[in-house]
Amino acid sequence: MKITAAVPEDLARLLAFREEAASWLSELGTDQWSRPYPADRLLATIEAGTVFMLRDGESTVGTITLTPDAEPGLWSEDELSEPSIFVNKLTVSREYAGRNVGGQVLDWAGDRAYRAGAKWLRLDAWTTNEALQRYYVRQGFAHVRTVREGNAVNGGPRVSGWLAQRPARPAEHGFVDETPTPYPLAG
């Protein structure tokens, strides 16, 4: 399998991934990702070079978005002063479920973060999705805290405020990495 940067032609597949994941999550009893993700916002992240695709021959296996920018209101100023890469929208095709593909993608992300000069690979997860939280703990992430106060969009309860991190580090992820060399983090 290989990892590549996403291109605009991947937009339809990424939106379908999101729908597939939302349907599966709904079957598990969570409303995570139940709102459709705006295609224009997703296209902007593709064009910014922060979206990556895992491919197996002609099949798209998974996707992850990595950014040096934290979602506002989650991490403290002290935490934000530490160079970090933030994981978003990690999704694996249900066809490849149960093969630790997500774990390998997280290892790749941690390796990429390390090569960019990050100290931490960080993420926020749905506050009510305890199965997902346990998954991240099994993948070596340490729970930092859960932020429940209002979000920037509507001031209501925050739905994705379970914060976790693990050190960025070199890793043998097993993928052919065809992505551009990561830009060094500032600071």
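The values are calculated or read from the model by the stated rules, or taken from the named source; none is laboratory data. Just so we're clear, the structure is a prediction, and the values are computed from it rather than from any experiment. FYI the Cβ positions are ideal-geometry reconstructions off the backbone, even for glycines, and counts take in every protein chain you see.
Can you report the number of residues in the stretch 70-83 which are under 20 Å from Pro167 (Cβ atoms) and over 12 Å from the mean Cα position of the chain (by Cα)? Summing the residues that are under 20 Å from Pro167 (Cβ atoms) and over 12 Å from the mean Cα position of the chain (by Cα) in the stretch 70-83 gives 9. Within the stretch 159-180, residues that are within 21 Å of Pro83 (Cβ to Cβ) and touching a residue at least 24 places away in the same chain (Cβ under 8 Å) reach partners that are of a type in the set (Gly, Ala, Ser) and outside any loop (DSSP other than H, G, I, E, B) with beta carbons closer than 6 Å, at six or more positions or on different chains, in the pairs Ala168/Gly110; Ala168/Ala113; Arg169/Gly110; Ala171/Gly110; Thr179/Ala5.
Of the residues in the stretch 153-171, none is within 28 Å of Ala6 (Cα to Cα) and either assigned to a helix (DSSP H, G or I) or among the acidic types (Asp, Glu) (or both).
Under the condition of being modelled with pLDDT under 80 and among the aliphatic types (A, V, I, L, M), the residues counted in the stretch 150-172 number 3. For the stretch 140-153, does any single residue satisfy the condition of being of a type in the set (Lys, Arg) and under 19 Å from Trp75 (Cα atoms)? Yes, the stretch 140-153 contains at least one residue that is of a type in the set (Lys, Arg) and under 19 Å from Trp75 (Cα atoms). Among the residues that make up the stretch 104-111, is at least one of them touching a Pro at 6+ places or on another chain (Cβ under 8 Å) and crowded, with 19+ Cβ neighbours inside 10 Å? Looking for residues that are touching a Pro at 6+ places or on another chain (Cβ under 8 Å) and crowded, with 19+ Cβ neighbours inside 10 Å, one finds at least one in the stretch 104-111, hence yes. Selection of the stretch 53-73 for residues being modelled with pLDDT under 90 and either more than 17 Å from Val7 (Cα to Cα) or part of a loop (DSSP other than H, G, I, E, B) (or both) yields Glu58, Glu71, Pro72, Gly73.
Annotation: of all residues in the stretch 103-133 being part of a helix (DSSP H, G or I) and at pLDDT below 95, the one that is nearest to Gln165 (Cα to Cα) is Gln133.
Annotation: of all residues in the stretch 82-100 being over 24 Å from Leu43 (Cβ atoms) and at pLDDT 95 or above, the one that is surrounded by the most Cβ atoms within 10 Å (Cβ to Cβ) is Ser84.
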